[in-house]
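The next block holds one structure in the form of structure tokens; read it before the comments.
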Amino acid sequence: MALMMTRVHVDDYDAWKAMFDEDPPGVRAAATGHRLFRTAGDPGEVSIAVEFESVADAEAAREKLVSSGVLDRVQLRVPPTIVELAEAKAYA
């Protein structure tokens with residue numbers, strides 16, 4: 001599994017979320033899922049993790065996202081980064 005992770009700051013979460021759900025550049029076409037996180041002390045700070053089957057799928061999605069100009073609408077905190085799952089552990 002590969003993930004594309006990024007963090008942005010938005011002025012209006014609800015407006016941003018509506019745009020995210022529309023996915024105008026088609027970034028999540030090959031995705032298997034996503035998670036959104038909001039910073040407890042600043043709900044405008046949003047971390048995004050989009051899951052893909054492969055690094056190649058994630059890299060293609062990253063290229064779509066970057067070239068689409070969608071990131072110009074937000075304050076980019078951490079650019080889209082492709083990572084692979086190294087370990088996952090659940091605690092009871």
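What follows is calculated from the coordinates using simple rules that are stated; it is not laboratory data. Not measured: the values here are computed from a predicted model. We place every Cβ from the backbone using ideal geometry, glycine too, and count neighbours over all the protein chains shown.
Are any residues in the stretch 18-45 part of a helix (DSSP H, G or I), farther than 19 Å from Val55 by Cβ and in contact with a strand residue (DSSP E or B) (Cβ under 8 Å, 6 or more places away or on another chain), and if so, which ones? Passing the criteria: only Phe20. Assessment of the stretch 34-43 against the conditions (in contact (Cβ under 8 Å) with a residue 12 or more places away in the chain and of a type in the set (Ser, Thr, Tyr)) yields no matching residue.
Filtered by the rule that a residue be surrounded by fewer than 16 Cβ atoms within 10 Å (Cβ to Cβ) and either among the aromatic types (Phe, Trp, Tyr) or touching a residue at least 40 places away in the same chain (Cβ under 8 Å) (or both), the stretch 14-33 gives Met19, Pro24. Checking every residue in the stretch 39-62 against the condition of being surrounded by fewer than 17 Cβ atoms within 10 Å (Cβ to Cβ) and basic (Lys, Arg) gives zero matches. Among residues of the stretch 56-72 that are touching a residue at least 60 places away in the same chain (Cβ under 8 Å), those with a beta-carbon under 6 Å from a residue that is assigned to a helix (DSSP H, G or I) and among the aliphatic types (A, V, I, L, M) at least six positions away or on a different chain give the pairs Leu65/Val27.
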